[in-house]
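Below is one structure, written out as structure tokens; the observations come after it.
The values are calculated or read from the model by the stated rules, or taken from the named source; none is laboratory data. Computed from a predicted model, the values in this text were never measured in an experiment. As a convention, Cβ positions derive from the backbone with ideal geometry for all residues, glycine included, and neighbour counts pool all protein chains shown. These area figures cover heavy atoms from the full protein model, side chains too; ligands, DNA and RNA do not enter into them. Shrake-Rupley method; radii C 1.70, N 1.55, O 1.52, S 1.80 Å.
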Amino acid sequence: MNRELEKLPTPAVVIHMDIVEKNVSDMLEGARRAGLKHRPHIKTHRSGYLAGLQVEAGCSGITAAKLGEAEVMAEAGIQDIFIAYPLIGEDKLQRLLDLSGKVKVSTLVNSAVGAGQLSDFFEKAHKRVDVLIEIDGGLNRGGVKPGKAALEFARSIRELAGIRIVGLMYYGGLVYNSRNIEEIRQYAREERDTLLQTAKLLEEDGFRMEVLSAGSSFTGKVPEELRGITEIRSGHYIFNDCGQIDAGLVKPDDCALRVLATVVSKPDEHVVIADVGTKSLTGDMCHYRKGYGWICGYPEVEIYALNEEHAFLRCEAENPLQIGDKIEIIPNHACVVTNLVDRVYGFYNGKFQGTIEIDARGRSV
């Protein structure tokens with residue numbers, strides 16, 4: 001570990017910007033080769049600065065989960081925002097209407113109730129908002145079923161004057177169960193085929209399918225399997241994490257976000273304690289690996305438990321870590337970590353560049 005990292009107070013979240021730039025470039029290049037646009041999901045980093053970096057590199061806009069995130073991104077200068085979440089209730093519809101007066105904004109619909117509320121609100125303001133119909137990707141968490149069910153839903157909201165149906169969106173969350181690249185390719189083909197077949201039904205009924213949006217951080221890395229749709233929405237590819245390592249998509253050196261910690265105790269020869277817990281490192285688990293992250297340079301050491309302020313690290317042989325040692329941990333799930341801190345430390349080729357504000361932290365409403 002270099003001296004500049006050693007100087008940081010711990011626990012600290014570090015982003016290696018040289019890796020970020022490569023990850024952003026690689027994803028964009030793959031998308032371009034497959035004829036796809038890239039609209040990254042910013043829930044991974046929640047940073048206006050990093051969203052700006054993605055758009056400047058060539059991304060077509062961004063995806064946000066929540067209005068609060070979208071509002072922050074608009075203030076940061078992002079001009080094209082898709083809100084991939086059903087917006088229910090007058091408070092949120094008013095905020096969406098206000099946002100639509102500042103930037104290009106679109107959202108999804110997945111129920112007649114939600115579509116009706118959205119349409120009524122915008123129609124009263126003499127405006128229309130572009131919407132994508134959300135297609136269930138297997139998680140059963142909100143999308144309408146593909147095929148004829150999607151067609152019937154589209155017909156049921158066709159005459160709503162305050163919305164304009166411009167296409168379909170799909171989130172294939174089951175792909176994160178994949179063990180290897182071949183399983184990911186299969187999920188990607190299912191994602192593509194489901195969208196294209198459903199879009200064909202709607203087009204034959206007179207709907208215009210301008211946008212077919214899919215592509216997770218897993219399937220976005222096999223863009224050749226997604227040819228035919230229009231855009232991908234990969235998110236945590238910007239950092240990568242243990243989930244990507246386990247699936248064989250990346251190596252540890254491709255992971256830009258690390259959590260820096262200090263060993264503070266050694267209760268026995270096999271176990272050490274580090275000063276990082278669930279308040280700084282996610283408690284999410286991976287499907288096919290033990291522990292709560294990858295310790296750079298010490299793959300034999302397992303983070304086997306977390307308290308709020310403590311990480312328990314063990315090794316079958318004598319633990320090589322000693323009190324005072326600093327370690328970099330690649331988290332299992334990078335998206336959670338940025339929502340735990342107000343700012344992160346940016347490094348480029350090992351040199352400290354400054355802090356980066358997580359300005360949409362906690363903006364979950």
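For this structure, a couple of remarks:
- Under a model in which nothing but the beta-carbon of Lys, Arg (+1) and Asp, Glu (-1) is charged, segment 230-365 shows a dipole of about 380 debye around its Cα centre.
- With Cα atoms, 0 to 90° folded angle of helix 112-124 axis to the chain main axis: 70 degrees
- Cβ-derived FRET efficiency at R0 30 Å, A57 paired with E182, nearest 0.05: 0.55
- Here the extension length gained between R158 and E203 equals 14.9 nm, from 0.36 nm per residue of separation less the Cα-Cα distance.
- About the Cα centre, charge dipole magnitude for the chain (Lys/Arg +1, Asp/Glu -1 at Cβ), debye: 900 debye
- For segment 74-106 and segment 248-262, distance of Cα centres in Å: 33 Å
- With every protein chain in place, segment 1-146: carbon and sulfur % of accessible area (1.4 Å): 48 percent
- Global form of segment 22-112, assessed from the alpha-carbon gyration tensor, a/c cut-off 1.5: prolate
- Pairs exceeding a 25 Å alpha-carbon distance, out of K22/K221; K43/K92; K66/K145; K43/K124: K43/K124.
- Net charge in the neighbourhood of R192 (other residues with Cβ under 13 Å of its Cβ; Lys, Arg +1, Asp, Glu -1) is -2.
- Karplus-based coupling profile of segment 53-69, in residue order and whole Hz: 4, 5, 5, 4, 6, x, 5, 7, x, 9, 10, 10, 7, 10, 4, x, 5, with θ = phi - 60° in 6.51 cos²θ - 1.76 cosθ + 1.60 and x standing for Gly or Pro.
- Rounded, prolate or oblate (a/c below 1.5 giving rounded, otherwise prolate when a/b exceeds b/c) for segment 97-153 by Cα gyration tensor: prolate
- Rounded to the nearest 10 degrees, the inclination of helix 90-100 to the longest alpha-carbon principal axis of the chain is 90 degrees.
- Calculated accessible area for the chain comes out at 43 Å² per residue, all protein chains present (probe 1.4 Å; ligands, DNA, RNA ignored).
- Given charges at beta-carbon only (K, R positive; D, E negative), |dipole| of segment 23-171 in Debye: 300 debye
- The distance between label points at E75 and E90 comes to 2.5 nm (points 7 Å beyond Cα on the Cα→Cβ vector).
- Cα-based helix-to-principal-axis angle, 17-33 vs the chain, degrees rounded to 10: 40 degrees
- Whether segment 273-312 is rounded, prolate or oblate, judged on the alpha carbon gyration tensor where a/c under 1.5 counts as rounded: oblate
- Charge dipole (the chain, unit charges on Cβ, about Cα centre) - positive-most of A154, P331, F218: A154
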